[in-house]
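**Student:** The structure under discussion is supplied below as structure tokens; questions concerning it will follow.
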Amino acid sequence: MIAALLCAAAGGLAAGAALTLARRQWRRGLALQAAGAATLAVAGFAALIVGHPVGSAFTSHLTPHFGVDGLSGFFLGTLGLVAAPALGYSSRYLDDSRPGRVVAALTGVFVLVMAALLCARDPVTFLGSWEVMTLVPAAIILVYRAADRESRRTVFTYLAITHLGGAGTWVAVLLLAKAGAFGTSGVIASGSGLQAVIGLAALLGMGTKAGVVPLHSWLPRAHPIAPAPVSALMSGVMIKLAIYAMIRVFVGWLGVLPAWFGVLVLAAGAVSAVGGVTYALFEHELKRLLALHSIENVGIIMLGLGACLVLRARGDQFWAAIALAAALLHTLNHAVFKALLFLGAGSIERAAGSLRLDRLGGLLRRMPWTGWAFLVGAMAIAGLPPLNGFASEWLTLQALLHTAMQGGAGDGVAGAIALAALGATAALAVFCFVKVTGLVLLGPPRRGAARDAVEVAMPMRAAVILLAAACVVLGLVPGLLLRPLASLAPWNSHVTASPGFRLPGTGALPTIGIAIVLAAGTAVLAKIRGRRAAAPAPAWACGQPVVPQLGWSGAGFTKPLRLVLEAVLRPRREIGVQERGGVVTEIAYQGQVPNLIDERVYRPVARRSLAAAAHMRRLQTGSLAVYVCYLIALVVAVLLAGRIGLLG
């Protein structure tokens, strides 16, 4: 049954992608793609619940094999859950122009390639799908943006970083295949040098694809300039497939990793979570802000994965399984609310003509369906109860608490620091989305385009409403997923199922009860308030006309925190004053918080690499005689190396 559903899903996606290339049939093609993605979600979650593998098993042989197990099924379900509304949304977001139809077709190919990666059971298919998954979004961006200067530069940066860092993925997979451990645990000795090399190579290569700091610089560049449905797929699913690969390698194929490796993963997660949300706070463009929050949430997932590795190394298998379940649950939750937010941002851009926070405002009244759905996504990503982001962050918090209490002093300190990082991340995320909600949805419009905004078409509204409903459901009954997710660990966990969370030694999280209390409290406050409304009163602006430009800005909202972190963030400011006849007529202010890793690491490296390349070009003289001399020198060097035994 599952195999038949998967074949039907793949057929629907492939046929729909081909159909979208025809001008008269392109919307039917997108509908067929959306149906295929929905079928993929059903098949994937069915594979998770059933738990029995379908198709081929993993093999180290270099011949194509495909199959599905519980872990693949979970990620296939997540992919389908995000792709179905994103593809339906595309039917009104894109147009029937040739670039629009090509983007629609490539989006279906993108979903198919990600599904192929999850079903790959051999090194060749895995690595081939991994590379194509990187290339297809680059092609979509170039087609959608007509290959302008900005898109070419962004795609170059994206491909350069992901391929240079992604070499670690090739090293890890090929070493696993050479050792006969691709898909098999217990082959590589625990604590061996080979285990450490494969683990570090996988962390480098797969961490680059996931956007882990400091390998993240491509992510806030590439995601914002992609079409909104593709941004939802890239941020919601593509970077999570790197998490899938890491779970395969770290939890499954390498056996029990030493505790120091788990601490390293915890450190990467803590830096990514805090760094991502901090830079998002000072961002003024909505899609780039959401991309930076993807780095934050990948960091939270890495915290759960790191806690799993540390607890497993210390022999606490129950809480190691809980930590793994927390990482997987947050993977699903982030995919849902981040897809919702990116699709909502696309609707806002379509209606208001801009994504600059200081040019929006008042959209909740003008776009009520999109606005309320976006508000649900903002509350979910901020980790507010009773939504799904709160549930998975609470579970991660419990796992980190037990990490801090288990094992030696080093593990305890690492767990405590990771716990503090998660707490700081949660607080800063609330701060950030209070800013976003206030500037985008509430208050008066700051520009004429925002004042004239109207609600988007029904398919675009339906997509965000569906994802908002998923945020609510996953927040109300997260415990129903805890047992199947914990059972994905390659050891016995014995976790019980309930709508909320019931964990030994931590109390419980009665999610439905919390929702009832919050709903009742809201109803009581609404009843007390009645029909009364605050009376409007004129505002005093020191004698100036009250104009929208005098309202709160994103920079003003975050200035107190920017001043506190000034020594770390090194913000830049430019103030221009124009005078006429001794009277100040205009003051212009421009502020920027530069990314320190870009400024201090990547740009110097890129500058020196280009300088070295310029020197190397001098070897290209165009003279045949010189090239013959190069070949003779190479032959002589090889002969000398063989003579003295350097070549074995």
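The values are calculated or read from the model by the stated rules, or taken from the named source; none is laboratory data. Keep in mind that what you see is a predicted model, and the values were worked out from it rather than measured. Neighbour counts are summed over all protein chains in view; Cβ atoms, including those assigned to glycine, are modelled from backbone coordinates with ideal geometry. SASA here: full protein model, heavy atoms, side chains in, ligands and nucleic acids out. Shrake-Rupley method; radii C 1.70, N 1.55, O 1.52, S 1.80 Å.
**Student:** Take the conditions open to solvent by 60 Å² or more (accessible area, probe 1.4 Å) and within 37 Å of the chain's Cα centre (by Cα) and apply them to I528. Does it pass? Let's see the steps before the verdict.
**Tutor:** Details: open to solvent by 60 Å² or more (accessible area, probe 1.4 Å): yes; within 37 Å of the chain's Cα centre (by Cα): no.
It is false that I528 is open to solvent by 60 Å² or more (accessible area, probe 1.4 Å) and within 37 Å of the chain's Cα centre (by Cα).
**Student:** Still on this structure, please answer the following. Identify all residues within the range 474-513 that are assigned to a helix (DSSP H, G or I) and free of Cβ contacts under 8 Å to residues at least 24 places away in the same chain; write none if there are none. Step through it out loud before you land on a result.
**Tutor:** Quick first cut of the range 474-513, residues assigned to a helix (DSSP H, G or I) only: 474-476, 479-486, 511-513.
Result: L480, R483, G513.
**Student:** Taking into account only those residues within the range 475-501 that are at pLDDT below 85 and open to solvent by 50 Å² or more (accessible area, probe 1.4 Å), which is farthest from G383 (Cα to Cα)?
**Tutor:** N492
**Student:** When R618 is evaluated against the numbered criteria (1) in a helix (DSSP H, G or I); (2) surrounded by 10 or more Cβ atoms within 10 Å (Cβ to Cβ), which criterion, by number, is the only one it fails?
**Tutor:** For R618, the failing item is (2).
**Student:** So which residues in the range 295-353 are in a helix (DSSP H, G or I) and open to solvent by 10 Å² or more (accessible area, probe 1.4 Å)? Talk me through it step by step, then tell me what you get.
**Tutor:** Filtering the range 295-353 down to residues in a helix (DSSP H, G or I) leaves 295-313, 317-352.
Within the range 295-353, R312, A313, Q317, F318, W319, E349, R350, A351 meet the criteria.
**Student:** Can you say whether A555 is closer than 25 Å to A399 by Cβ, of a type in the set (G, A, S) and in contact (Cβ under 8 Å) with a residue 24 or more places away in the chain, as far as the supplied structure shows? Step through it out loud before you land on a result.
**Tutor:** On the way: closer than 25 Å to A399 by Cβ: no; of a type in the set (G, A, S): yes; in contact (Cβ under 8 Å) with a residue 24 or more places away in the chain: yes.
So A555 does not fit the description; no.
**Student:** Return the residues of the range 87-101 that are in a helix (DSSP H, G or I) and over 10 Å from P459 (Cα atoms); say none if nothing qualifies.
**Tutor:** Taking the range 87-101 and keeping what is in a helix (DSSP H, G or I), we get 87-93, 98-101.
Residues satisfying the conditions are R98, P99, G100, R101.
**Student:** Same structure again: Among the listed residues A259, A273, A232, which satisfies the condition of being closer than 30 Å to V173 by Cα, touching an Asp or Glu at 6+ places or on another chain (Cβ under 9 Å) and either buried (at least 24 other Cβ atoms within 10 Å of the Cβ) or without any contact (Cβ under 8 Å) to a residue 40 or more places away in the chain (or both)? Explain how you work it out, then say what you get.
**Tutor:** Working: A259 fails: either buried (at least 24 other Cβ atoms within 10 Å of the Cβ) or without any contact (Cβ under 8 Å) to a residue 40 or more places away in the chain (or both); A232 fails: touching an Asp or Glu at 6+ places or on another chain (Cβ under 9 Å).
None of the other options fit; the residue is A273.
**Student:** Out of all the residues in the range 388-420, which are under 19 Å from the mean Cα position of the chain (by Cα) and open to solvent by 10 Å² or more (accessible area, probe 1.4 Å)?
**Tutor:** Within the range 388-420, F390, E393 qualify.
**Student:** Right, something else. Between a first residue in the range 312-330 that is in contact (Cβ under 8 Å) with a residue 60 or more places away in the chain and under 25 Å from I295 (Cβ atoms) and a second residue that is aromatic (F, W, Y) and buried (at least 21 other Cβ atoms within 10 Å of the Cβ), which pairs have beta carbons less than 7 Å apart while being 6 or more apart in sequence or on different chains?
**Tutor:** Every condition considered, the pairs that remain are L328/F74.
**Student:** Within the range 6-22, which residues are in contact (Cβ under 8 Å) with a residue 12 or more places away in the chain, assigned to a helix (DSSP H, G or I) and surrounded by fewer than 19 Cβ atoms within 10 Å (Cβ to Cβ)?
**Tutor:** Correct list: A8, G11, A14, A15, A18.
**Student:** Here's something else I'd like to know. Considering only residues that are small (G, A, S), more than 27 Å from the chain's Cα centre (by Cα) and either closer than 30 Å to T157 by Cα or open to solvent by 40 Å² or more (accessible area, probe 1.4 Å) (or both), which ones fall in the range 554-590? Break it down into steps so the answer makes sense when it comes.
**Tutor:** If we filter the range 554-590 for residues that are small (G, A, S), which is where we start, we get 554-556, 567, 576, 581-582, 588.
With the extra rule that they be more than 27 Å from the chain's Cα centre (by Cα), the set shrinks to 556, 567, 576, 581-582, 588.
Listed by number, the residues that qualify are A567, G581, G582, A588.
**Student:** List pairs: first residue in the range 130-155 and open to solvent by 60 Å² or more (accessible area, probe 1.4 Å), second residue assigned to a loop (DSSP other than H, G, I, E, B) anywhere in the structure, Cβ distance under 8 angstrom, at least six positions apart or on different chains.
**Tutor:** That search, which allows pairs on different chains as well, returns Y144/A226; Y144/P227.
**Student:** Shifting gears a bit: For the range 636-648, which positions are in a helix (DSSP H, G or I) and loosely packed, with under 10 Cβ neighbours inside 10 Å? Show your work before the answer.
**Tutor:** Residues of the range 636-648 in a helix (DSSP H, G or I): 636-643.
The one that is in a helix (DSSP H, G or I) and loosely packed, with under 10 Cβ neighbours inside 10 Å: R643.
**Student:** Looking only at residues that are in a loop (DSSP other than H, G, I, E, B) and open to solvent by less than 70 Å² (accessible area, probe 1.4 Å) in the range 23-62, which one is nearest to G180 (Cα to Cα)? It would help to see each step written out before you state the result.
**Tutor:** Restricting attention to the range 23-62, the residues satisfying the condition of being in a loop (DSSP other than H, G, I, E, B) are 51-53, 56-62.
Of the ones still in play, those that are also open to solvent by less than 70 Å² (accessible area, probe 1.4 Å) are 51, 56, 58-60.
Details: G51: 24, S56: 16, F58: 10, T59: 8, S60: 6 Å.
Top of the filtered list is S60.
**Student:** Take the range 356-371 and flag every residue that is over 11 Å from E455 (Cβ atoms) and open to solvent by 10 Å² or more (accessible area, probe 1.4 Å). Quick ask: steps written out before the conclusion?
**Tutor:** Residues of the range 356-371 that are over 11 Å from E455 (Cβ atoms), as a first pass: 356-362, 364.
Within the range 356-371, R356, D358, R359, L364 qualify.
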